[in-house]
Amino acid sequence: MNPLYNTAIQLYRAGASLAALRSDKVREMLRGQEETLRTLEECRAAVAPEGYDVWIHAASLGEFEQGRPIIERLRRERPGISILLTFFSPSGYRVRRDYKGADTVAYLPMDTRANVRRFLDAAAPRCAIFIKYEFWGNFLTELQRRAIPTYIISAIFRPSQVFFKPWGGLFRRMLRCFDHIYVQDARSARLLKDIGIDKVTVAGDTRFDRVADICRAAREVPVIERFSSGAPFTLVAGSSWPADEALYISWLKAHPDVRAIIAPHEFDDSRLRTLRRNLGPQARLLSEVASPDDLDGSERYIIVDSFGLLSSLYRYGTAAWVGGGFGAGIHNINEAAAWGIPVIFGPRHEKFKEASDLLANDAATQVNSQRDTTKALDSLLQSADARNSAGQAARQYIDANIGATDIIFNDIFPSSDD
């Protein structure tokens with residue numbers, strides 16, 4: 001790759017090493033990257049002695065959910081295939097390191113030339129699939145040099161991205177390393193065509209298939225069912241951050257008949273203590289309630305202090321608040337919309353096509369302030385017609401966008417009969 005790019009990667013690595021002195025999360029990531037080659041050496045001999053058939057890379061947990069329908073389709077239809085799954089972020093690896101859909105789960109090392117060669121020698125993948133936003137120049141260049149078929153799925157592009165700037169030649173060369181690019185929408189395909197990238201298919205977003213699968217296989221949670229039953233309005237706040245809570249908690253306290261199920265994005269002890277203090281004595285942790293009989297009727301708030309339940313909990317909501325919109329960006333709003341309930345989120349959603357689409361279909365509401373929050377939640381609380389109309393529009397939007405997994409899977413992994 002370009003010397004400037006390699007210098008930037010080295011600087012990024014140095015910055016991460018400094019950040020690790022103060023951040024457990026960064027320190028965990030760097031430690032995991034150092035263990036990747038040993039992990040591959042230990043696992044590959046048992047599950048993929050000749051190399052992994054498929055390597056799938058997800059930056060974090062959200063991107064993993066986009067890749068998951070492909071992985072699980074492979075497991076169903078090609079049970080003998082070997083799969084390597086890598087993450088860059090600890091938040092993805094930490095939750096999915098024991099994921100049974102992959103034969104091996106590991107961190108992706110930093111994108112230096114030496115790391116790339118060692119990683120690809122150790123993994124020896126027959127094909128590589130990146131998800132949505134991952135553009136690592138040395139990995140892509142070396143995959144192309146080794147003639148390993150390489151794809152990116154559920155990608156989405158915007159005119160503001162560096163690929164489409166006069167100075168973006170280096171990044172345009174990265175795009176040409178992909179054998180095929182599967183994008184979410186026609187606008188992305190047009191942008192790519194304008195810079196000479198034509199190996200592109202408008203397939204849609206695999207997350208719609210994933211949330212449809214989640215709804216079909218959703219878990220029943222009797223404690224939450226008992227807690228929400230009889231309440232005129234239950235707000236499910238998913239992947240909640242303090243900036244979100246600063247807005248909706250004051251509204252909750254002003255409406256004593258309303259109940260809330262709150263799933264914080266992170267729930268270490270300090271975070272849970274602060275959240276309980278802000279909510280008051282009517283809040284309980286889900287882990288404290290072993291059965292519906294443990295509820296004494298005084299609870300107004302249940303704090304979900306475990307992973308893996310949120311997508312099933314939206315079914316118990318009258319409306320959903322999806323967090324992250326006042327920080328790095330909103331979390332998975334499709335999980336909530338799939339249950340046919342109105343969705344509320346903050347302003348940081350410009351990278352998420354589904355947010356703009358749901359807003360355009362009157363299925364969601366963006367809030368920027370306390371005033372917006374009060375207006376949006378009051379409207380939904382007071383009008384069953386408003387709730388039903390928005391919820392129906394949300395579900396229809398999800399149903400209309402199912403099918404990306406079929407397009408991508410049948411293209412990359414055609415059956416022997418084709």
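May I ask you to derive the relative contact order of segment 290-371, considering only C-alpha pairs under 8 Å and at least 6 residues apart, and to give it as an integer percent? Write out the running numbers ahead of the final one.
Values: 91 pairs, mean separation 18.3, N = 82.
It rounds to 22 percent for segment 290-371.
Taking neighbour Cβ counts within 10 Å as the exposure measure, how do ILE70, ILE152 sort from fewest upward?
In order of increasing Cβ crowding within 10 Å: ILE152, ILE70.
Roughly how many whole Å is it from the C-alpha centroid of segment 355-372 to that of segment 132-154?
Comparing the Cα centres of segment 355-372 and segment 132-154, I get a distance of 35 Å.
By the gyration tensor of its Cα atoms, with a ≥ b ≥ c the square roots of the eigenvalues, what is the shape of segment 4-160: rounded for a/c under 1.5, prolate for a/b over b/c, or oblate?
Details: a/c = 1.39, a/b = 1.32, b/c = 1.05.
It comes out rounded by the Cα gyration axes.
Cα atoms only: what Rg and Dmax, in Å, come out for segment 146-303?
Rg and Dmax of segment 146-303, Cα atoms, are 23.2, 64 Å.
How long, wide and thick is segment 218-400, going by the Cα atoms along their three principal axes, in whole angstroms, largest first?
42, 30, 29
If you line up the long axis of helix 3-19 against the longest principal axis of the chain, both from Cα atoms, how many degrees apart are they, to the nearest 10?
Between the helix axis and the principal axis of the chain, the angle is about 40 degrees.
Using only the alpha carbon atoms of the chain, find the Kirkwood hydrodynamic radius as the inverse mean reciprocal pair distance, in angstroms to one decimal.
Roughly 22.9 Å, rounded to one decimal.
Can you compute the helix-only [θ] at 222 nm over the chain? Use -39500 (n - 2.57) per DSSP H run of at least 4 residues, normalise by all residues, nearest 500 deg cm²/dmol.
It comes out at -14000 deg cm²/dmol, rounded to the nearest 500.
Working from Cα positions, state the angle (0 to 90°, nearest 10) between the long axis of helix 242-253 and the longest principal axis of the chain.
Long axis of 242-253 versus the principal axis of the chain: about 20 degrees.
Which GluC sites (Glu not before Pro) from segment 27-133 combine a DSSP loop assignment with at most 10 other Cβ atoms within 10 Å?
Taking segment 27-133 and a limit of 10 other Cβ atoms within 10 Å, the loop GluC sites (Glu not before Pro) found are GLU50.
Considering Cα pairs under 8 angstrom that are at least six residues apart, work out the relative contact order of segment 100-169 and quote it in whole percent.
28 percent
Structure shown: which of LYS132/LYS199; LYS253/LYS375; LYS351/LYS375; LYS132/LYS353 lie over 19 Å apart, alpha-carbon to alpha-carbon?
LYS351/LYS375
If you find the alpha carbon centre of segment 42-65 and of segment 263-318, how far apart are they in angstrom?
If we compute the Cα centre of each part, the gap is 34 Å.
What percent of all Cα-Cα pairs in segment 51-122 falls in each 5 Å bin, counting up from 0?
Values per bin, smallest distances first: 3, 17, 28, 23, 18, 8, 2, 0.
Could you put ARG117, ARG126 in order, starting from the residue whose Cβ has the fewest other Cβ atoms within 10 Å?
Going from least to most buried by this count: ARG117, ARG126.
Less than 11 Å from a label point 7 Å out along the Cα-to-Cβ axis of SER389: which backbone N atoms in segment 338-369 qualify, by residue?
Only 362-363 fall inside the zone, counting backbone N under 11 Å.
Read-outs throughout are calculated quantities, based only on the coordinates presented, and are distinct from any laboratory measurement. Just so it is clear, the model here is predicted, and its values are computed rather than measured. As a convention, Cβ positions derive from the backbone with ideal geometry for all residues, glycine included, and neighbour counts pool all protein chains shown.
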